[in-house]
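Engineer: First the structure, then my questions, so here it is.
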Amino acid sequence: MATLSRQQAEEILYEEARILDSRRYDEWFAMLTEDVIYWVPCNGEGTDPDREISLVYDDHARLRDRLDRLNSGLAHAQNPPSKTCRLVSNVQVEQTSTDSAAVTSAFILYELRQTRQRIFAGRYQHRFRYQDGRWKIQWKKTLLVNNDEVIDNLTFIV
Amino acid sequence: MPLQLDFGALVEDQRVHRRIYTDAEVFEAEMERIFERTWVFVGHESEVAASGDYKTVSIGTQPAIMTRDEDGGIHVLMNRCMHRGATICQEQRGNSSFFRCWYHGWTYTNRGELVGVPYPGGYGRGFERRKFSLKRAKVGVYRGLVFASLNPEVPEITEHLARARYYIDLFMDLSPEGEVDARSGTHKYGYDGNWKFQMENGVDGYHPNFVHQSFFEIQGKKLGRKVMKLFTEASSYQSKDLGNGHSILDMAPQRKSHRPVNNILRGSTSDASTKIYIERLVRRYGEERTSEILGASNVNLAVFPNLLIIGIQFRNVIPINVNRTDVYLTPTTLKGVPDEINTARLRAHEAFYGSAGGGAPDDVEMFNRCTTGLRVKGAEWLELSRGIEREHTADDGSIAAHISDELPQRAFYRQWRRMMCEKFAEASESRPQSVAALD
Ligand code: FES
Ligand SMILES: [Fe+2]
């Protein structure tokens, strides 16, 4: 068993981006550990989710609810759905051992819904855990550049 | 100048004309006759807790700054330099005793007085600094809610709030100290449509089972309850007209178990902190009032024209133009409760609200659909007659109907029509003779 190399990290992040862009939410869910936290802070960096509101602060169960709702066909804000294309870059492995790793990256996300196009950008922070023979996402924080501004609809997974 | 629209004719007792949502002339008149005439919600005291704290706000489309001075007073100052008009404050929030306009350096205190004019020798002897204080709004505070008014003749804030005060009291009394804190951040979203869609929707008990079916079904399965029953004909929940355009969806009557947070939204807390919380409430308010407070812990309250109090949040509806609205949701935490209770409140709020929530974005989607649909000409009216025949006087003297009735919308538009048609003297100062003569 080896530590997580940058190339491996890139492969996982690219795969995640492709799965999310094609809205294969169940496949994405399978990439996560059961103690996962998926966090999209609001109003800045996100320091203490227990004391401040986030755009998303989901554990495994809440995330399952979120994805079930998106899959239900009755999530009106995603009917029709957002079409997205995200580029992930500037990947850096910040810490790694044989069973855990912390990786940061930058992203630009293009979104089209109906006739409206939007661009989001920001940083991803991932923590991975080596489990069942592969690296799984145990913690993901998406820091949107515009998270302290008005965002009309953020019901797809960023 | 084209003939002015007859605003009164656009709003009838049971229906409203599509032009109230689509016409820029209506929007301009709303800003003057409603947003410049009545009390407009701008924030909560705790957002400017310390002396020198400030926060930029809006009164209708006009930029302003809510400040806390060194003596603890709250001011709402217009964010407009009295020299040549630049905004003097660019930050969303901060702390400062002075505001300097960086165009030519004029400097004001957080009370609005002009205290610094660079190179004053250039001004004549008739120039008096005190004539150039920032323009200010009147401030009204009720239970920590800060309202501003540009109308010096506006009635007292307590009079304006009418029966809404009773429900605001209940909301604040959820804290064993009688105070909430609004410093956990703000969800900000918006839509390309008219501001009134959001005001109508915040107290619309007819839509949840359709717009939020996906959310309710998933939550209902977890809780083993039929959440959607609460909004069917079988529900004993009520809608109420609270006077002056304010209204509520009153969900107290049917509530059986009193929980400290809205369980539908999955805010779960341990038995230990729930027990501590309820003990503190009982100590402060007694058994009877405590059960009344907890019974009302899930409100949808509309305060005319721009405030909604829903769940744990203050919702500020900010009109940008006839076809654009921003909405700021500020969740509150309770003073004097175990931390766990407040964290649960935040998580419960997040599950449904905000740009990424499981509920509110679906409401916004409907505002967008209405905006597109209302481009159709020939179908001119929107129907608001639901439940008009089952309106009755409730125990507290207010007019009430079933939760799914359009009573709150009718209450809103009665006030809208009253204000839009009211004769009022043009403020002579803001309208110089020469300009008035031009149009
Ligand atoms: S506009 Fe403010 S100093 Fe000139
Ligand atoms: Fe809704």
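Engineer: Within the bounds of the stretch B:358-374, is there any residue that is open to solvent by 60 Å² or more (accessible area, probe 1.4 Å) and without any contact (Cβ under 8 Å) to a residue 60 or more places away in the chain?
Structural biologist: For the stretch B:358-374, residues open to solvent by 60 Å² or more (accessible area, probe 1.4 Å) and without any contact (Cβ under 8 Å) to a residue 60 or more places away in the chain: present.
Engineer: Among the numbered conditions (1) open to solvent by 20 Å² or more (accessible area, probe 1.4 Å); (2) under 30 Å from B:G359 (Cα atoms); (3) at pLDDT 95 or above, tell me where B:L145 comes up short.
Structural biologist: Result: B:L145 fails condition (1) only.
Engineer: Suppose we keep only residues that are of a type in the set (V, I, T) and under 30 Å from B:R37 (Cα atoms) within the stretch B:280-310. Which one would you say is surrounded by the fewest Cβ atoms within 10 Å (Cβ to Cβ)?
Structural biologist: My answer is B:I310.
Engineer: Pick from B:A64, B:A86: which is of a type in the set (A, V, I, L, M), away from chain A (no Cβ under 14 Å) and within 13 Å of ligand 1 (Cβ to nearest atom)?
Structural biologist: Among B:A64, B:A86, only B:A86 is of a type in the set (A, V, I, L, M), away from chain A (no Cβ under 14 Å) and within 13 Å of ligand 1 (Cβ to nearest atom).
Engineer: Considering only the stretch B:336-365, state which residues are more than 18 Å from B:V299 (Cα to Cα), within 16 Å of ligand 2 (Cβ to nearest atom), among the hydrophobic types (A, V, I, L, M, F, W, C) and more than 20 Å from the chain's Cα centre (by Cα).
Structural biologist: B:A356
Engineer: Test of understanding: among B:S214, B:S175, which residue is open to solvent by less than 10 Å² (accessible area, probe 1.4 Å), touching a Ser or Thr at 6+ places or on another chain (Cβ under 8 Å) and either at pLDDT 95 or above or more than 16 Å from ligand 1 (Cβ to nearest atom) (or both)?
Structural biologist: Exactly one of B:S214, B:S175 is open to solvent by less than 10 Å² (accessible area, probe 1.4 Å), touching a Ser or Thr at 6+ places or on another chain (Cβ under 8 Å) and either at pLDDT 95 or above or more than 16 Å from ligand 1 (Cβ to nearest atom) (or both), namely B:S214.
Engineer: Moving to a separate point now. I need the strands (runs of 3 or more DSSP E) fully contained in the stretch B:12-59, keeping only those with at least 2 residues that are under 25 Å from B:T186 (Cα atoms) and of a type in the set (D, E, K, R).
Structural biologist: B:53-59
Engineer: Moving on to the next point. Which one of B:R183, B:R266 is surrounded by fewer than 23 Cβ atoms within 10 Å (Cβ to Cβ), within 13 Å of chain A (Cβ to nearest Cβ) and modelled with pLDDT of 95 or more?
Structural biologist: Selected residue: B:R183, the only one of B:R183, B:R266 that is surrounded by fewer than 23 Cβ atoms within 10 Å (Cβ to Cβ), within 13 Å of chain A (Cβ to nearest Cβ) and modelled with pLDDT of 95 or more.
Engineer: Oh, and also: Out of the stretch B:89-109, which residues are open to solvent by less than 70 Å² (accessible area, probe 1.4 Å) and either within 14 Å of chain A (Cβ to nearest Cβ) or charged (D, E, K, R) (or both)?
Structural biologist: Listed by number, the residues that qualify are B:Q92, B:G94.
Engineer: Checking the condition more than 17 Å from A:T142 (Cα to Cα), within 12 Å of another protein chain (Cβ to nearest Cβ) and not in a helix (DSSP H, G or I), which residue from A:R51, A:R23 passes?
Structural biologist: A:R51
Engineer: Return yes when B:Y166 is touching a residue at least 40 places away in the same chain (Cβ under 8 Å), surrounded by fewer than 23 Cβ atoms within 10 Å (Cβ to Cβ) and outside any loop (DSSP other than H, G, I, E, B) and no when it is not.
Structural biologist: Yes; evaluated as a whole, the condition is true for this residue.
Engineer: Give the residue, chosen from B:G116, B:G140, B:G126, B:G122, that is modelled with pLDDT of 95 or more, of a type in the set (G, A, S) and more than 14 Å from ligand 1 (Cβ to nearest atom).
Structural biologist: Of B:G116, B:G140, B:G126, B:G122, the one residue that is modelled with pLDDT of 95 or more, of a type in the set (G, A, S) and more than 14 Å from ligand 1 (Cβ to nearest atom) is B:G140.
Engineer: Name the residues in the stretch A:109-122 that are over 18 Å from B:Y191 (Cβ atoms) and either open to solvent by less than 90 Å² (accessible area, probe 1.4 Å) or not in a strand (DSSP E or B) (or both), would you?
Structural biologist: Passing the criteria: A:L109, A:Y110, A:A121, A:G122.
Engineer: Here's a follow-up. Specify the residue that is surrounded by the fewest Cβ atoms within 10 Å (Cβ to Cβ); the eligible residues are those in the stretch A:54-78 that are within 8 Å of another protein chain (Cβ to nearest Cβ) and of a type in the set (S, T, N, Q).
Structural biologist: Selected residue: A:S72.
Engineer: Residues being without any contact (Cβ under 8 Å) to a residue 60 or more places away in the chain and either more than 7 Å from chain A (Cβ to nearest Cβ) or of a type in the set (A, V, I, L, M, F, W, C) (or both): count how many of those fall in the stretch B:343-356.
Structural biologist: Residues meeting the conditions: 1.
Engineer: With respect to B:L230, is the statement that it is among the aliphatic types (A, V, I, L, M), away from chain A (no Cβ under 14 Å) and within 15 Å of ligand 2 (Cβ to nearest atom) true?
Structural biologist: When the stated conditions are applied, B:L230 passes them.
Engineer: Which numbered condition in (1) within 9 Å of chain B (Cβ to nearest Cβ); (2) touching a helix residue (DSSP H, G or I) at 6+ places or on another chain (Cβ under 9 Å); (3) open to solvent by 20 Å² or more (accessible area, probe 1.4 Å) is the only one that A:C85 fails?
Structural biologist: (1)
Engineer: Additional query: Of all residues in the stretch B:93-108 being in contact with a Ser or Thr (Cβ under 8 Å, 6 or more places away or on another chain) and within 16 Å of ligand 1 (Cβ to nearest atom), which is farthest from B:R80 (Cα to Cα)?
Structural biologist: Residue satisfying both the conditions and the ranking: B:F98.
The values are calculated or read from the model by the stated rules, or taken from the named source; none is laboratory data. None of the values given here were measured: they were computed from a predicted structure. Every residue, glycine as well, gets a Cβ built from its backbone with ideal geometry; the counts of neighbours run over all protein chains shown. In case anyone asks, the SASA skips ligands and DNA or RNA and just uses the protein heavy atoms, side chains included. Shrake-Rupley method; radii C 1.70, N 1.55, O 1.52, S 1.80 Å.
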